[in-house]
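Following: one structure in structure tokens, then a few remarks.
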Amino acid sequence: MGAWHPECPARLQAIEDQLIAGRIDALIERESPPLADEAALLRVHTQAHVDYVRSRSPDAGYAEIDPDTSMNPHTWQAALRAAGAAVAATDAVIEGRYDNAFCSVRPPGHHAEPARAMGFCFFNNVAIAARHALEVRGLRRVAIIDFDVHHGNGTEAAFSGDSRVLMCSFFQHPFYPYTGADNQAPNMVNVPMPARSKGMEVREAVDMLWLPRLHAFKPEMVFVSAGFDAHREDDLGNMGLVEADYVWLTEQVREIANRYANGRIVSCLEGGYNLSALGRSVVAHLKALAEI
């Protein structure tokens with residue numbers, strides 16, 4: 001999105017570097033994802049939205065979607081591949097080829113609403129994957145866990161009131177995109193957290209508010225919008241999580257998935273902009289997913 005922009009290619013390289021430094025890259029099987037087809041996008045987004053994003057793709061330079069979100073000539077393809085990774089991971093996990101999967105993708109997705117691109121996001125990767133699980137693969141109940149520092153407004157917009165989906169999230173509030181705290185649908189478990197909240201406060205909220213609802217819901221698959229910008233070193237937020245907190249969160253998700261969903265988890269990268277903290281946190285998340 002430009003050399004100044006925090007949502008940059010170096011994010012994925014930082015993750016790769018930490019996987020190698022942690023000597024676990026060889027233990028993780030990797031696939032290059034396919035491009036999402038239009039049918040997958042239209043399970044969440046309107047035709048007008050898909051057409052608009054396609055039409056804004058520039059031949060050179062940048063096309064601004066909003067003050068924070070721009071396209072370059074490669075963005076359209078990258079956005080299709082990010083969504084395609086989430087769908088392919090969902091198929092692979094449902095078919096038993098992987099126990100669980102993490103999609104190390106850009107651009108992120110959880111701010112993308114059915115008819116609006118915003119907040120670095122064009123298509124909602126996790127929402128597209130969850131709809132694929134429900135409408136193509138025939139699952140009846142899926143949970144979406146969102147632990148980004150920003151509220152996943154796009155995911156909430158896609159599933160608000162849908163009894164097949166339970167969405168659990170925490171996020172700094174008040175903070176961009178200034179949503180999620182009011183008028184929650186019954187299938188939303190949004191936990192607004194004040195700035196400077198640390199891991200213990202988050203763990204307590206998850207324990208008291210998320211876990212009882214997840215146990216009652218008994219999801220058949222769990223999707224994770226995995227944002228790491230609530231880390232204490234990340235300047236795009238003002239929360240105080242550390243790697244151990246992401247391990248704990250992942251362990252809680254894994255326990256729910258193991259109990260009710262045959263261990264099926266698909267996690268997709270969302271935020272995380274301090275490169276060192278991002279790489280370390282993703283490695284912690286992956287080790288907890290893989291139980292290593």
Condition check: at pLDDT below 95 and either within 25 Å of residue 275 (Cβ to Cβ) or crowded, with 21+ Cβ neighbours inside 10 Å (or both). Does residue 29 satisfy that? yes
Can you give me the ranges of the strands (runs of 3 or more DSSP E) entirely in segment 147-230 with at least 2 residues that are touching a His at 6+ places or on another chain (Cβ under 7 Å) and without any contact (Cβ under 8 Å) to a residue 60 or more places away in the chain? 165-172, 188-193
Which members of segment 273-289 meet the condition of being part of a helix (DSSP H, G or I), polar (S, T, N, Q) and over 15 Å from the mean Cα position of the chain (by Cα)? 276
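Residue-wise test of (1) of a type outside the set (Lys, Arg); (2) crowded, with 24+ Cβ neighbours inside 10 Å; (3) part of a strand (DSSP E or B).
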site	(1), (2), (3)
233	yes, no, no
237	yes, yes, no
245	yes, no, no
248	yes, no, no
253	yes, yes, no
256	yes, no, no
259	no, no, no
263	yes, no, no
268	yes, yes, yes
From the list 153, 187, 125, which residue is within 20 Å of residue 256 (Cα to Cα), at pLDDT 95 or above and polar (S, T, N, Q)? 187
Within segment 57-85, considering residues that are in a loop (DSSP other than H, G, I, E, B) and in contact (Cβ under 8 Å) with a residue 40 or more places away in the chain, the one nearest to the chain's Cα centre (by Cα): 68
Here's a check for you: in segment 133-174, which residue that is touching a Leu at 6+ places or on another chain (Cβ under 7 Å) and farther than 23 Å from residue 245 by Cα is surrounded by the most Cβ atoms within 10 Å (Cβ to Cβ)? 142
State whether the residues of segment 129-147 include one that is under 23 Å from residue 7 (Cα atoms), among the small types (Gly, Ala, Ser), touching a Gly at 6+ places or on another chain (Cβ under 9 Å) and modelled with pLDDT of 95 or more. no
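The values are calculated or read from the model by the stated rules, or taken from the named source; none is laboratory data. What you see is a predicted model, and the numbers here were worked out from it, not measured in a lab. When we count neighbours, we look across all protein chains shown, and the Cβ atoms used for this are built from the backbone with ideal geometry, even at glycine.
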